[in-house]
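Below is one structure; the comments refer to it alone.
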């Protein structure tokens with residue numbers, strides 16, 4: 001310890017003039033507000049800002065300059081032999097000298113702040129609330145970095161070429177894994193990986209710098225070799241570990257989902273999309289296409305959006321960034337920017353085991369505001385918000401654009417194919433002023449074979465959000481006003497109001513035979529009301545013990561799953577009922593399940609994407625507060641876990 | 001050879017290479033405690049590389065260096081507590097004064113004798129408040145010697161300490177060295193060009209030539225077996241062979257001059273010389289002892305003939 005202190009003291013004494021320079025430099029932050037004629041709080045703020053950057057810059061500058069000279073120069077000219085000829089271990093020499101430099105740089109930075117502290121009454125306000133200590137600590141990390149670089153440059157050995165080559169290789173490994181995490185939007189994992197890498201690099205610089213002194217002693221070339229061996233051994237271990245970590249993160253499977261998030265089900269068949277937070281991977285939320293019947297899955301790529309399934313559930317279409325592994329700089333396609341890849345429509349045949357996602361060569365310039373597949377799955381309508389709003393229709397197989405039309409607004413839109421060559425567009429426009437009763441909801445038809453966009457037909461004005469449900473035939477429309485809780489029935493084509501069904505609804509949907517189910521709440525007991533196709537009230541089914549009711553999927557024609565909650569804000573202890581509208585009766589079938597069909601109700605404005613009665617989509621439920629996904633058939637009682645802790 | 005454990009200094013087949021250049025090769029030697037070992041060699045012979053290995057400041061390419069029986073590369077820090085070092089290039093930090101250097105070292109050695117250091121510095125007449133970098137070459141060397149002796153080392157290693165020193169400084173250094181030897185019997189390992197200075201001090205001599213130790217011997221033995229022989233070489237009626245008269249000796253150097261032959265032999269003894277004098281044709285034979293410098297010149301000289309002889313001696317040394 002005596003030796004360590006003696007060496008450190010010697011180092012400080014040798015460079016003590018830096019402290020005097022720091023004191024003199026410390027006057028400049030006081031002078032700046034005076035020169036710029038700032039007063040009061042403004043002057044104090046200005047002074048703090050200047051002294052903060054001056055102190056950090058001085059600490060960094062001294063760290064670099066002294067780190068560059070303190071040890072390596074001695075090794076290079078063999079003057080370090082003076083210390084090696086004493087009973088001082090290599091560690092004592094290395095640590096003593098670096099500590100001396102660090103103490104000097106830190107002391108100089110603090111001395112530089114002294115005059116400003118005195119003027120400010122002992123308080124300095126750091127910019128953006130940054131910690132001066134943190135930045136000074138980061139500046140001191142430059143000492144081992146500078147020492148290492150100095151050894152490399154002073155040795156003038158051929159190893160420098162090898163170092164450069166290995167730098168490129170390490171950068172490539174880190175770059176590839178970083179890029180993979182960025183593309184997967186695994187921000188938490190990326191942060192962890194980069195912090196880990198920074199720690200490993202710091203350790204590598206420290207250990208390699210020590211090795212250079214300990215094994216090189218008075219031989220600068222040998223010091224270089226020792227430094228390179230240690231540095232690259234540690235750095236490559238770290239780089240490979242971080243690459244392994246990145247690979248492990250993005251190799252998450254559906255089984256790794258610890259919290260199941262957004263799920264979209266196919267109208268027919270057993271496919272669904274599922275995403276959520278993956279175990280031990282921070283906030284990384286991978287998305288998967290999953291076949292619940294076979295367990296087959298496919299992981300969605302980065303920048304993944306808006307999956308739509310064909311009506312028969314045999315095809316999925318979605319949007320994603322280009323998964324081409326080439327570096328962006330070689331990608332000359334239009335719409336490329338360094339941070340955003342062109343968005344392209346992809347499709348996948350869900351019937352073939354070996355099928356792969358197929359790029360359609362249909363590109364969109366922004367994330368689409370609406371997508372709709374034609375009922376036969378051959379065409380797709382895309383509304384995007386590039387330079388206003390554009391509705392385009394494409395043929396999926398060829399990627400050919402069939403038609404395109406500018407929409408006179410740039411807000412949200414909902415689409416569906418009302419006929420093979422006609423797309424219906426609902427738009428909820430922004431309010432035109434304080435005198436209007438709310439946001440106008442309009443409907444238009446785009447006949448893309450004729451290239452004609454019909455004039456808008458106004459459905460009404462709504463102050464809040466609206467839920468739209470189009471009946472399977474596409475002819476009638478249910479509109480639920482979230483704010484007023486009103487449900488109205490319209491002719492979807494003419495926008496003619498046919499009936500008002502409820503003023504206290506919590507949900508509404510068409511049944512497969514054209515009838516309408518409306519969930520109601522309010523002061524009285526919640527109930528489900530059944531209406532016929534014209535809006536005539538047929539029967540109510542009350543849930544006396546419940547606080548609210550939520551509509552689920554249609555398990556079979558005329559048989560609907562309903563979740564009755566004991567408390568309106570909690571579903572985990574709610575009872576699941578099977579309501580038979582034909583018989584006008586209900587029976588409790590399970591507890592603690594939440595129908596997925598209800599959670600994705602907002603997607604079902606396109607009648608093509610509605611789960612068909614009795615499809616798997618109507619029999620999938622969240623369980624255990626969203627931690628697992630369960631298949632449950634209330635008619636047969638068959639139940640098994642699909643994802644989550646109870647999965648077999 | 002003394003075993004590494006008994007010896008103060010021991011080298012085992014030491015080799016130092018810089019890339020393709022060999023500084024020293026296959027050097028083995030041993031210095032017993034209390035001895036004064038003078039390692040002689042021309043510039044570039046590999047002396048400094050060898051000393052750096054001996055101080056644990058450089059790892060040998062092959063072989064090992066021991067101090068007091070311990071591997072110096074591995075145990076340098078603890079061994080240096082027993083060793084005083086005067087390097088070829090005084091390497092103390094230039095900004096430190098002699099007093100600061102002594103003060104720095106005082107903290108590192110438990111047996112530090114500050115009074116003795118001060119006395120030495122005073123005796124040398126070195127200013128103690130002038131930065132080391134501003135001292136003359138001789139003063140720097142004196143500071144380094146004073147510091148090297150400050151902790152009363154068991155072993156003193158001096159790497160060409162008189163290089164660049166004037167006569168007065170050299171005299172002061174040797175006087176100090178002799179005093180140290182007389183007082184405490186410190187083992188000394190010294191590399192030097194100053195053969196006259198070391199002549200009366202060295203108890204053993206090694207000569208390094210082209211990186212190889214071509215001679216390693218007690219100084220007295222060395223001086224007793226090397227002789228310069230001068231004689232006239234006459235043609236006589238009875239003489240049957242010419243140029244074979246020196247066959248009884250190992251001639252290190254032979255020069256034929258106008259007056260006769262001037263030879264240096266490395267295995268002189270009186271009996272052989274008497275027989276030599278009787279040789280037919282040899283007249284006016286004289287023998288003279290040689291100084292260390294003369295022996296060094298004869299062994300480490302650079303002429304082609306000398307090179308061949310040097311190689312022959314090296315061969316003999318390896319036997």
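Laboratory data are not the source of any read-out in this text; all were calculated from the coordinates shown. Bear in mind that the values here come from a model prediction, so they are computed numbers and not experimental data. Neighbour counts are summed over all protein chains in view; Cβ atoms, including those assigned to glycine, are modelled from backbone coordinates with ideal geometry.
Cα convex hull, chain A: 236 Å³ per residue, rounded to a whole number. Its residues counted as N, segment A:70-113 yields a C-alpha radius of gyration over 2.2 N^0.38 Å of 1.38.
Taking Cα pairs under 8 Å and at least six residues apart, what relative contact order does segment A:206-270 come out at, in percent?
On the way: 29 pairs, mean separation 14.3, N = 65.
RCO, segment A:206-270: 22 percent.
Segment A:1-20 and segment A:265-288 have Cα centres spaced 60 Å apart. Short-range pairs are left out: with C-alpha atoms under 8 Å and at least six residues apart, the relative contact order of chain B is 18 percent. Distance from the C-alpha centroid of segment A:480-550 to that of segment B:178-209: 113 Å, rounded to the whole angstrom. State the percent of C-alpha pairs, over all pairs in segment B:162-210, separated by a distance greater than 16 angstrom. Result for the distance tail: 40 percent.
When each of the peptides A:193-199, A:306-312 is scored by the mean number of other C-beta atoms lying within 10 Å of its residues, the order from highest to lowest reads A:306-312, A:193-199. Compute the whole-percent fraction of alpha carbon pairs in segment A:4-119 spaced more than 20 Å apart. The proportion of pairs with Cα distances above 20 Å equals 48 percent. The mean number of partner chain beta-carbon atoms within 10 angstrom of a residue's beta-carbon across peptide A:86-94 is 5. Between 0 and 90 degrees, the angle of helix A:159-183 with respect to the longest Cα principal axis of chain A falls at about 20 degrees. Site pair residue B:136 and residue B:163 shows an inter-label distance of 2.0 nm when each label is modelled 7 Å from Cα along Cα→Cβ. Comparing B:134, B:47, B:253 in a Gaussian network model of chain B (Cα springs below 10 Å), the most mobile by mean-square fluctuation is B:134.
Inter-chain neighbour count for B:141-147: the average number of beta-carbon atoms from partner chains within 10 Å of each residue's beta-carbon is 1. With axes computed from alpha carbons, what is the tilt in degrees of helix A:2-14 against the longest principal axis of chain A, rounded to the nearest 10 within 0 to 90? In chain A, helix A:2-14 runs at an angle near 90 degrees to the longest axis.
With a 10 Å cut-off around each Cβ of B:80-92, the average count of Cβ atoms from other chains is 4. The alpha carbon convex hull volume per residue for segment A:164-236 rounds to 60 Å³. The fewest-to-most ranking of A:288, A:621 by surrounding Cβ atoms within 10 Å reads A:288, A:621. Each peptide in A:49-55, A:511-517, B:187-193, B:119-125 gets a packing score, the mean of other Cβ atoms within 10 Å over its residues, and the list from highest to lowest is B:187-193, A:49-55, A:511-517, B:119-125.
Using only the Cα atoms of segment B:94-152, construct the convex hull and provide its projected area averaged over every direction, in square nanometres to one decimal. Don't skip to the answer; put the middle values down first.
Details: hull surface 13.5 nm².
Directional mean of the projected Cα hull area for segment B:94-152 stands at 3.4 nm².
Computed over every Cα-Cα pair of segment B:39-154 and binned at 10 Å starting from 0, the pair-distance distribution P(r) comes out as 14, 39, 33, 14, 0 percent. Distances between every pair of Cα atoms in segment B:159-251, grouped in 10 Å steps from 0 to the bin holding the largest one, split as 12, 33, 25, 14, 11, 5, 0 percent. For chain B, the longest principal axis of the alpha carbon atoms and the long axis of helix B:137-149 meet at an angle near 70°.
Spatial offset of segment A:142-158 relative to segment A:47-122 amounts to 17 Å, using the alpha carbon center of each. Express in % the proportion of alpha carbon pairs of segment A:156-279 at distances exceeding 22 Å. Above the 22 Å cut-off, segment A:156-279 has 51 percent of its Cα pairs. Listed peptides B:207-213, A:561-567 appear in the order B:207-213, A:561-567 once ranked by packing, highest mean of other Cβ atoms within 10 Å at the front.
Which whole-number percent is the relative contact order of chain A (Cα, under 8 Å, 6+ apart)? Walk me through the intermediate numbers first.
Working: 1405 pairs, mean separation 48.0, N = 648.
Worked out over chain A, it gives 7 percent.
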